[in-house]
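Where a number appears in this text, it was derived from the coordinates with a stated rule and is not lab data. Everything quoted here is computed from the prediction, not taken from an experiment. Using ideal geometry, Cβ is built from the backbone for each residue, glycine included, and neighbour counts are taken over all protein chains shown.
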């Protein structure tokens, strides 16, 4: 039993390391895209490791719930990352920043959004 | 010891987020820090043995307030590099008041006066539900909940009067399909929270806030176009919580054996509370959605 | 026991920060945020008071929890109304 506990703690600590790395990337990386890259990927992996580490110590029902949470967080992380990357790309295309314009003007400035996605966010 | 360490870390993070949200030079940063502050407050509620509040705050503070503040941010004029004026006199004044408050709060005795919670636990079997918070909200202090629904409705009416135009961004296929995929899950969770509210943390407020955040996501993706104040059924739904509440209260006043306003007979109390809560959930969800999204002019979705 | 004082202090400081922000905030939106932070401080004070029975092995005070739950929903609706008014003011300023 003890080596299982040790494995669980190791996985938890590894997950924390990924979380810290992602947060550091969010704070220190120079531009929007690399920050998104750091924070979404590292956090997904970190959460996965934490779930794995906790599932060793818990019942199968709790494990199932945690897996569901991980799946949801992973999917919504991917979607929100794509959305943010897309928005900042469009904002970079159309200076000045979209969020500070008149509502009427934003309709025009988002029109490049209809162009096919050429730049990959991740 | 470990718990105290957690408390100290959480308190520091919450304080830093609040301080930077207020003193940050950039308004956009301030709004984002404020949203993070909401999430951390949800963690604090969970730590302080208030799971009901944690559920509500997670849906409201992390979801709805964020959407609200970003909507307001879009309308802000461009001059965003502002500085909080730090003049000496106001700082001294506020610091003095805070110190006095701190001093008086620390005088509060650690051992509580158990009178009120004792009465709740004594009366709980007669309330029709097993969860004390739900019993307080919908039986012992149902006036609060009734008036709260009224406040929500008044806020909605006021916001409708002061409404200003806002353009919704065109939806995007990935976020659209993800929000569609999420919606059955959110409806399922709403029903679960509502049903569980009788026996465990949960209830009309949490369920309503959760349903509202789901509706807001769909609405921002330009789904559910019927969900607007122009639609009479939506108006009815926004009114339904208050309406059902008042009708049930009248019924209890006129026909039940006790003849008391908002006093449910013990035998039917569980069913009455569940009925009121269902309509209150619907009303809270619709009202919050309309408050957050308003009546946007729509932009055609791109593929 | 000590945790109680940590949260008391946190609540008081949040109220103080919020009060300063409401008073001296440069933009109206910032003042609304500060008002919300002040409200969070007051809610935190109430929930910490409700937490006291837990230290003695009893369930937390449900009356205070119910009050704060009502307060959360009222706070968000008041914020939404304030932001709608703010939008109106900004639109007037531009026109």
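Across all Cα pairs in the protein assembly as shown, the calculated P(r) in 10 Å bins from zero up to the longest distance comes to 4, 16, 27, 28, 18, 6, 1, 0 percent per bin. With q set to 0.08, 0.09, 0.16 Å⁻¹, the log10 of I(q)/I(0) for chain B, from the Debye formula over equal scatterers at the Cα positions, is -0.46, -0.58, -1.38.
In percent, rounded to a whole number, the relative contact order of chain C is 25, using alpha-carbon pairs under 8 Å and six or more apart.
Put the Cα centre of the range B:132-153 next to the Cα centre of the range A:46-95 and the gap is 36 Å. Would you please give the FRET efficiency between residue B:87 and residue B:25, computed as 1/(1 + (r/R0)^6) with r the Cβ-Cβ distance and R0 = 25 Å, to the nearest 0.05? Taking R0 as 25 Å, the efficiency between residue B:87 and residue B:25 is 0.90. Summed over all non-identical Cα pairs, the Kirkwood treatment of the range C:2-94 gives a radius of 14.7 Å.
Here is the P(r) of the range B:188-257: all C-alpha pair distances, binned every 10 Å from 0, give 18, 33, 35, 12, 2, 0 in whole percents. Put the Cα centre of the range C:1-42 next to the Cα centre of the range B:215-292 and the gap is 33 Å. Peptide B:38-45 is shielded by partner chain Cβ atoms: per residue, an average of 3 of them sit within 10 Å of its Cβ.
Site pair residue A:67 and residue A:14 shows an inter-label distance of 1.8 nm when each label is modelled 7 Å from Cα along Cα→Cβ.
As a calculated quantity, the FRET efficiency between residue C:89 and residue B:243 at R0 = 22 Å, using C-beta atoms, amounts to about 0.10. Between residue B:261 and residue B:233, the contour length at 0.36 nm per residue exceeds the alpha carbon distance by 7.2 nm.
For the residues of B:110-122, the average number of beta carbons from a partner chain within 10 Å of their own beta carbon is 4.
Per the Kirkwood formula applied to alpha carbons, the range C:1-45 shows a radius of gyration over Rh ratio, Rg over Rh, of 1.09. Considering only Cα atoms, the convex hull volume of the range B:1-138 works out to 169 Å³ per residue.
A simple spin-label model places pseudo-atoms 7 Å from Cα toward Cβ; at residue B:253 and residue A:57 they are separated by 5.5 nm. The value for the range B:130-303 of Rg(Cα) / (2.2 N^0.38 Å) is 1.14.
The calculated FRET efficiency for residue A:24 paired with residue A:83, based on their beta-carbon distance and R0 = 30 Å, is about 0.80. Packing, as the average of other Cβ atoms within 10 Å across residues, places the peptides B:20-28, B:245-253, B:205-213, C:27-35 in the order B:205-213, C:27-35, B:20-28, B:245-253, highest first.
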